[in-house]
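Read the structure below first, then the notes.
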Amino acid sequence: MKFSLSSLFITLAISCFLIYLLNVVLTKKKLYSFFCIDFLCLLVLIVVLRLCLPVELFFTKSIRSMYFMTGLRNFFFLEVDGYPLYTIFFCIWGAGCAVSLIRYIKKLWVIENLYKKIVKNAECFALNDLFEKPVNDEVDVFVSSKISSPMVLGFHKNILLPDVEFSKEELDNILQHELQHIRNHDILIKQIINVLSIIYWWFPPMKRLSKNMQLFLEIRVDSKVVEFSDKEKLFSYAYTLVHVQKRLAGRSAHELENNGTFLINDQISVLEYRINYLLKGNVRKKTKALVRAFLIALPILSYSVILEPYYVHSQDVDGCWTEKQVAEEAVLIHHKDDTYSVLINGENAIIQNPDRLIDQGITVKEE
């Protein structure tokens, strides 16, 4: 694997398209009947993997870009007071990551203290004491007046409920929903997105991805809860979502809302989409095998090509050799001090990293 300006650019371009596609699928209600939950899961996985690995792979093929990538390379190699622009930009990138990481750690500390304050004075119940059907999950339920709505907070596998009286059916639906968040490890998924947001703090589509992840996680949980239910149970569950939100609309917990990246709760802003997906979407169906196969192949296709700068008859290539010339005519010399140099047409040039030339099959000679 190799990281380069070109691999970063192609990653951002592909990720931008995939994030836009995810946003369209999640927010356009007319599309709910066409895309099933497994399609959304695969699409999210592909976006995350692409952002995690902005590199060239061994099968990646280069495509010459005489204008765009060449111009982009020339721009980043411009010097300011002797420093190339790409060095300055990487320093700014690193500084932004450091600041964002400090803020993230601070929020983590705040949310941990909030959790301790809440559970200290909360009423605690075992999940099986409140659930109609016994479950094997070792989960406690804390009821507190400091909670504005049902939620899972931080990395704790416990359910927090507001101090409000729910009907037996409502409570059963709420607990199933929150328990499914815990089983799905949704808080961990949110933290992966948070880390990517720290790394790509300067990439605008990351804000859209973070917002869409909350909706995706809620839709996935809703689909799982009603997966094997009849229509009566589905409508009961949908009614609970709406009715509970109405009852809790006037309640707020500002400290928790300001640290929303560490909690899983039922936000009003995504409720309309969730209800529409439940009633119009294919919560029990699977995406067609051909579409799934295309999605699975998409990551491989996205790594298959990369745009590279290309110079023709310009001063930038005076005295230079093409990769083909080097591979066919040059000799790589491995010196006794473990350094390398390339000998071609009677000229010798020292190189820092010979791996690419070795992979291309250049002749290697020991000094």
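Note on the stretch 182-210: residues that are surrounded by fewer than 20 Cβ atoms within 10 Å (Cβ to Cβ) and either among the polar types (S, T, N, Q) or not in a helix (DSSP H, G or I) (or both) total 10. Can residue 51 be described as touching a helix residue (DSSP H, G or I) at 6+ places or on another chain (Cβ under 6 Å), open to solvent by 60 Å² or more (accessible area, probe 1.4 Å), closer than 17 Å to residue 207 by Cα and not in a loop (DSSP other than H, G, I, E, B)? Taking the combined requirement at face value, the residue does not satisfy it.
Looking only at the stretch 168-206, residues that are out of contact with any Lys or Arg (no Cβ under 6 Å at 6 or more places or on another chain) and within 22 Å of residue 221 (Cα to Cα) come to 25 in all.
The numbered conditions (1) within 30 Å of residue 225 (Cα to Cα); (2) open to solvent by 40 Å² or more (accessible area, probe 1.4 Å); (3) in a helix (DSSP H, G or I); (4) in contact (Cβ under 8 Å) with a residue 24 or more places away in the chain are all true for residue 16 except (1). In the stretch 211-227, the residues that are farther than 21 Å from residue 21 by Cα and open to solvent by less than 10 Å² (accessible area, probe 1.4 Å) form Cβ pairs under 6 Å with partners that are in a helix (DSSP H, G or I) and of a type in the set (A, V, I, L, M), at six or more places apart or across chains, as follows: 222/278; 226/234. One residue stands out among those in the stretch 7-46 that are of a type in the set (Gly, Ala, Ser) and under 30 Å from residue 64 (Cβ atoms): the one that is nearest to the chain's Cα centre (by Cα), which is 15.
With at pLDDT 90 or above, closer than 16 Å to residue 287 by Cβ and not basic (Lys, Arg) as the only criterion, which of 25, 48, 44, 55 stands out? Even if it seems obvious, please write down each step before you answer.
On the way: 25 fails: at pLDDT 90 or above; 48 fails: closer than 16 Å to residue 287 by Cβ; 55 fails: closer than 16 Å to residue 287 by Cβ.
Testing whether each residue is at pLDDT 90 or above, closer than 16 Å to residue 287 by Cβ and not basic (Lys, Arg) leaves just 44.
Scan (1) under 30 Å from residue 107 (Cα atoms); (2) touching a residue at least 60 places away in the same chain (Cβ under 8 Å); (3) not aromatic (Phe, Trp, Tyr) for the single condition residue 169 breaks and write down its number. Checking residue 169 against (1) under 30 Å from residue 107 (Cα atoms); (2) touching a residue at least 60 places away in the same chain (Cβ under 8 Å); (3) not aromatic (Phe, Trp, Tyr), the one that fails is (1). Among residues of the stretch 342-367 that are at positive phi, those with a beta-carbon under 9 Å from a residue that is aromatic (Phe, Trp, Tyr) and not in a helix (DSSP H, G or I) at least six positions away or on a different chain give the pairs 345/321. Restricting to the stretch 63-88, name every residue that is aromatic (Phe, Trp, Tyr) and free of Cβ contacts under 8 Å to residues at least 60 places away in the same chain. Across the stretch 63-88, the qualifying residues are 67, 75, 77, 83. Take the conditions in contact (Cβ under 8 Å) with a residue 24 or more places away in the chain, of a type in the set (S, T, N, Q) and open to solvent by 10 Å² or more (accessible area, probe 1.4 Å) and apply them to residue 7. Does it pass? Answer is no for this residue.
The set of residues in the stretch 32-48 that are in a helix (DSSP H, G or I) and open to solvent by 50 Å² or more (accessible area, probe 1.4 Å) contains only 45.
The values are calculated or read from the model by the stated rules, or taken from the named source; none is laboratory data. What you see is a predicted model; the values in this text were computed from it and never measured. Quick reminder, even Gly has a Cβ in these numbers, built from the backbone with ideal geometry, and neighbours come from all protein chains shown. Keep in mind that these areas ignore ligands, DNA and RNA; they rest on the heavy atoms of the full protein, side chains included. Shrake-Rupley method; radii C 1.70, N 1.55, O 1.52, S 1.80 Å.
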